[in-house]
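Chemist: This is the structure I want to talk about, given as structure tokens.
Computed from the coordinates by the stated procedures, all read-outs in this text should not be read as laboratory data. Just so it is clear, the model here is predicted, and its values are computed rather than measured. When we count neighbours, we look across all protein chains shown, and the Cβ atoms used for this are built from the backbone with ideal geometry, even at glycine.
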Amino acid sequence: MNNRLLVIEDNEQNLYLMRFLLEKSGFEVVAAEDGATGVDLALRCDPLAILLDIQLPEKSGFVVAAELKQHGHLDRVPIIAVTSHAMVGDREMILAAGATGYIEKPINPETFVAEIKSYLSENPENTND
Ligand code: MN
């Protein structure tokens, strides 16, 4: 079964923590530090889901989510926004841009992987892998 997650995150410490927690739980992590690289990798690495930071250099996560959604075969790949934005309306904005769900930073190491898995189980295709 494919256990590959794509993490698009420009902050080294956040990426380190997410990778540590996810790999400890048996996921394979592919990482990109900017949106353009992230979209490119999304098209090539067949990820189970995409974890997307919103505050990225050059292109925001909103733009990246919209770009990912332009590619038809990524339609069923959940996009999980991971962001420190706590402003009212951000959740609606990122969901409107195409994200499946939303996790707030700082991430909670005790619940992070379970939250990610909860979004994966919403994808009925996963049960067929
Ligand atoms: Mn960032």
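Chemist: Could you give the size of the charge dipole of segment 70-114 about its Cα centre, using +1 on the Cβ of each K and R and -1 on the Cβ of each D and E, expressed in debye and rounded to the nearest 20? Intermediate values should be presented prior to the final figure.
Modeler: Details: 3 positive and 5 negative charges, 16 e Å.
With only Lys, Arg, Asp and Glu charged at Cβ, the dipole is about 80 debye.
Chemist: Would you mind giving the average projected area, over all directions, of the Cα convex hull of segment 1-123 in nm² with one decimal?
Modeler: Mean projected area for segment 1-123: 6.8 nm², to one decimal.
Chemist: Compute, for the chain, the length of the dipole vector about the Cα centre, with Cβ point charges of +1 (Lys, Arg) and -1 (Asp, Glu) only. Units Debye, rounded to 20.
Modeler: 180 debye
Chemist: A further question follows. When only alpha-carbon atoms are used, what values of Rg and Dmax, in angstrom, describe segment 48-107?
Modeler: 10.7, 32
Chemist: List the GluC sites (Glu not before Pro) within segment 73-118 that fall in a DSSP loop (any state other than H, G, I, E or B) and whose Cβ has at most 14 other Cβ atoms within 10 Å.
Modeler: Details: sites: Glu92, Glu104, Glu110, Glu115; in loops: Glu110.
Here the GluC sites (Glu not before Pro) that fit, given the DSSP loop and packing criteria, are Glu110.
Chemist: As an exercise, use a Förster radius of 25 Å and the Cβ-Cβ distance of Thr111 and Lys69 to find the FRET efficiency, rounded to the nearest 0.05.
Modeler: With R0 = 25 Å, the Cβ-Cβ based efficiency is 0.40.
Chemist: Here's another thing I want to ask about it. Need the full-extension length gain, Tyr16 to Leu95, defined as separation in residues times 0.36 nm minus the C-alpha distance. One decimal, nm.
Modeler: Working: separation 79, 0.36 × 79 = 28.44 nm, distance 2.55 nm.
Difference between extended and current length: 25.9 nm.
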